[in-house]
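Structure record follows, encoded as structure tokens.
The values are calculated or read from the model by the stated rules, or taken from the named source; none is laboratory data. It should be emphasised that the depicted structure is a prediction, and the values quoted were computed from it without experimental measurement. Cβ placement follows ideal geometry from the backbone for every residue including glycine, while neighbour counts extend to all protein chains displayed.
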């Protein structure tokens, strides 16, 4: 395939590519209607229709835009969803959207916005769309993806991934000690929740930006320190939505591996006749966009998983 043919193949808009935004948007619309019907609370209808529309719009833009501008679609979704959840639900509604808030709500027995968010985006939702939240909606990653360290990725630092598990259990232990030992109750939609949210986000942003600069890697925080993948990795292993490809047409050029911000050996899966089964996949579609022969795409509804992770480490 010549360069001109590759360019034409890339720039051509295929209406079949609207399948993903329609399916993902439809899932959120169904959640919105079901929760509204069960609770008779109009906010749930607005909340999930808004999120589903924002993500579907972002994925639709990604499909429609030319190759060099496809990243704009994901940025639109990140800021529409992440900004809404952080600013409106967090700062204005005073809901602690941090993982500690989720733990506090569970202990309180409250079916609050934070609980619904975690159940949909990070506990059960990944069975459908994997870790798509990390790629398309996370308000921390929305800022990180604007940093310049997204080319010539150095590869993963061996064994540092254990730190995010330590972070998760440290957060859980802190909440349990405050709740059961000190009798602390942050309340709902209170200034206490706002303080938790402000402190948590300040720590996340400072740590994430410092790690991006130190490791020369936008997503270093996601790989080594963020506690959220500890939850997501359990159910995303069985995700119905994964990256797929035509293994017999793969040229093994390595473009997809170099483009992957999570250091997944994408082509190794594809050439082995598998979908990308790594739970580190955030469905950012960077590998799909980078493939010079356009053999990568996403697929739904296959039941496949494996326990290992095929990743690229520093020096490889």
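Among the residues of the stretch 94-134, how many are over 21 Å from residue 200 (Cβ atoms) and under 12 Å from the mean Cα position of the chain (by Cα)? If you could, list the steps in order and put the result at the bottom.
Applying the first criterion (over 21 Å from residue 200 (Cβ atoms)) to the stretch 94-134 yields 109, 111, 124-130, 132.
When the remaining residues are screened for being under 12 Å from the mean Cα position of the chain (by Cα), the result is 125-126, 129-130, 132.
The qualifying residues number 5.
Just checking, how many residues over the stretch 86-102 are closer than 11 Å to residue 189 by Cβ and surrounded by fewer than 22 Cβ atoms within 10 Å (Cβ to Cβ)?
Result for the stretch 86-102: 4.
What is the residue count in the stretch 279-293 for residues that are surrounded by 18 or more Cβ atoms within 10 Å (Cβ to Cβ) and either part of a loop (DSSP other than H, G, I, E, B) or out of contact with any strand residue (DSSP E or B) (no Cβ under 9 Å at 6 or more places or on another chain) (or both)?
Summing the residues that are surrounded by 18 or more Cβ atoms within 10 Å (Cβ to Cβ) and either part of a loop (DSSP other than H, G, I, E, B) or out of contact with any strand residue (DSSP E or B) (no Cβ under 9 Å at 6 or more places or on another chain) (or both) in the stretch 279-293 gives 9.
Can you find even one residue in the stretch 267-278 that is under 30 Å from residue 206 (Cα atoms), touching a residue at least 12 places away in the same chain (Cβ under 8 Å), in contact with a strand residue (DSSP E or B) (Cβ under 6 Å, 6 or more places away or on another chain) and buried (at least 17 other Cβ atoms within 10 Å of the Cβ)?
yes
Buried (at least 24 other Cβ atoms within 10 Å of the Cβ), over 13 Å from the mean Cα position of the chain (by Cα) and at pLDDT 95 or above: is that true of residue 226 in this structure?
Spelling it out, it is not the case that residue 226 is buried (at least 24 other Cβ atoms within 10 Å of the Cβ), over 13 Å from the mean Cα position of the chain (by Cα) and at pLDDT 95 or above.
Could you tell me which numbered condition residue 179 fails, if it satisfies all but one of (1) modelled with pLDDT of 95 or more; (2) closer than 18 Å to residue 105 by Cα; (3) not in a helix (DSSP H, G or I)?
Status for residue 179: all satisfied but (3).
Could you list, in sequence order, all residues of the stretch 134-160 that are surrounded by fewer than 20 Cβ atoms within 10 Å (Cβ to Cβ) and touching a strand residue (DSSP E or B) at 6+ places or on another chain (Cβ under 9 Å)?
155, 157, 158
On the basis of being surrounded by fewer than 18 Cβ atoms within 10 Å (Cβ to Cβ), at pLDDT 90 or above and more than 19 Å from residue 134 (Cα to Cα), does residue 69 make the cut?
It is true that residue 69 is surrounded by fewer than 18 Cβ atoms within 10 Å (Cβ to Cβ), at pLDDT 90 or above and more than 19 Å from residue 134 (Cα to Cα).
Do the conditions hold for residue 243, that is, is it surrounded by 24 or more Cβ atoms within 10 Å (Cβ to Cβ) and more than 24 Å from residue 163 (Cα to Cα)?
Details: surrounded by 24 or more Cβ atoms within 10 Å (Cβ to Cβ): yes; more than 24 Å from residue 163 (Cα to Cα): yes.
It is true that residue 243 is surrounded by 24 or more Cβ atoms within 10 Å (Cβ to Cβ) and more than 24 Å from residue 163 (Cα to Cα).
Take residue 105 and tell me if it is part of a helix (DSSP H, G or I), crowded, with 20+ Cβ neighbours inside 10 Å and either in contact with a helix residue (DSSP H, G or I) (Cβ under 7 Å, 6 or more places away or on another chain) or modelled with pLDDT under 90 (or both).
yes
Of all residues in the stretch 294-313 being closer than 22 Å to residue 153 by Cα and in contact with a strand residue (DSSP E or B) (Cβ under 9 Å, 6 or more places away or on another chain), which is surrounded by the fewest Cβ atoms within 10 Å (Cβ to Cβ)?
It comes out as 313.
Can you name the condition, by its number, that residue 189 falls short on among (1) surrounded by 13 or more Cβ atoms within 10 Å (Cβ to Cβ); (2) in contact with a helix residue (DSSP H, G or I) (Cβ under 9 Å, 6 or more places away or on another chain); (3) within 27 Å of residue 91 (Cα to Cα)?
With (1) surrounded by 13 or more Cβ atoms within 10 Å (Cβ to Cβ); (2) in contact with a helix residue (DSSP H, G or I) (Cβ under 9 Å, 6 or more places away or on another chain); (3) within 27 Å of residue 91 (Cα to Cα) applied to residue 189, the lone miss is (2).
Can you tell me how many residues within the stretch 294-311 are touching a helix residue (DSSP H, G or I) at 6+ places or on another chain (Cβ under 6 Å), assigned to a loop (DSSP other than H, G, I, E, B) and closer than 17 Å to residue 262 by Cβ?
Qualifying residue count, the stretch 294-311: 1.
Here are some conditions: (1) assigned to a loop (DSSP other than H, G, I, E, B); (2) within 28 Å of residue 58 (Cβ to Cβ). Residue 128 meets all but one. Which one does it not meet?
Looking at each condition in turn, residue 128 falls short on (1).
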